[in-house]
Amino acid sequence: MRYWLIKSEPDVYGIDDLARDKTTPWTGVRNYQARNFMRDQMKPGDQAFYYHSNCETPGIVGIAEVSKPAYPDATQFDRKSKYYDEKSAPDNPRWLHVDFRFVKKTPLVSLDELRKHKALAKMRVLARGNRLSITPVDPDEWQYILGLMKK
DNA sequence: GCCAACGTTGGC
DNA sequence: GCCAACGTTGGC
């Protein structure tokens with residue numbers, strides 16, 4: 001089982017939306033690295049920190065769990081979707097995604113807070129200029145952050 | 001709203 | 001296969 005961090009903008013689809021929907025297809029990822037993580041490494045049961053980006057206080061706000069392994073993203077074939085990709089062939093879909101299930105909301109662990117801890121210094125999400133919306137989290141980092149939430 | 005950093009595209 | 005131009009991300 002692996003740990004992840006997934007980013008989402010609260011104005012687009014935040015933790016409260018996931019809490020309401022219970023599960024959601026993680027569609028719209030159009031980055032090969034992020035796709036490969038979902039396609040090649042994510043398994044049902046994997047846990048992910050839910051991170052709010054592009055908002056007043058960016059940071060981790062909850063936990064989600066992979067509920068369905070990767071399958072083709074329907075939005076790539078939908079001409080009306082902003083995620084439509086004319087270069088993707090139905091018999092060889094370019095974009096895949098997993099489903100996530102809501103686990104729980106957590107106390108906010110802000111980006112500022114994450115940066116304060118040496119144990120987390122290597123986290124991909126903290127790297128300068130990082131834009132990847134799905135990043136792996138080490139088990140040690142996962143446990144450490146859970147610890148921060150208990151304080 | 002600005003802008004640095006990054007991924008992708010396309011001309012050559 | 002290089003690399004300039006472009007579009008997007010996301011913190012501030």
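The values are calculated or read from the model by the stated rules, or taken from the named source; none is laboratory data. For clarity, every value in this text was computed on a predicted model and none was experimentally measured. A quick note on method: Cβ atoms are made from the backbone with ideal geometry, for glycine too, and the neighbour counts reach across all protein chains shown.
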- [ ] Determine if segment A:75-82 includes at least one residue that is surrounded by 14 or more Cβ atoms within 10 Å (Cβ to Cβ), in contact (Cβ under 8 Å) with a residue 24 or more places away in the chain and not hydroxyl-bearing (Ser, Thr, Tyr).
- [x] no
- [ ] Looking only at segment A:83-99, count how many residues are within 16 Å of DNA strand C (Cβ to nearest atom) and either among the polar types (S, T, N, Q) or surrounded by 15 or more Cβ atoms within 10 Å (Cβ to Cβ) (or both).
- [x] 4
Task: From the options A:Asp21, A:Asp40, A:Asp11, residue that is over 25 Å from A:Met1 (Cα atoms), exposed (fewer than 15 other Cβ atoms within 10 Å of the Cβ) and out of contact with any Gly (no Cβ under 9 Å at 6 or more places or on another chain) - done: A:Asp11
- [ ] Could you please find all residues in segment A:1-32 being small (Gly, Ala, Ser) and part of a strand (DSSP E or B)?
- [x] A:Ser8
Task: Residues satisfying the stated conditions in segment A:138-151, i.e. farther than 23 Å from A:Gln41 by Cβ and either part of a helix (DSSP H, G or I) or modelled with pLDDT of 95 or more (or both) - done: A:Gly147, A:Leu148, A:Met149, A:Lys150
Task: Options A:Val109, A:Val61, A:Val103; residue that is within 15 Å of A:Ile6 (Cα to Cα) and more than 15 Å from DNA strand C (Cβ to nearest atom) - done: A:Val103
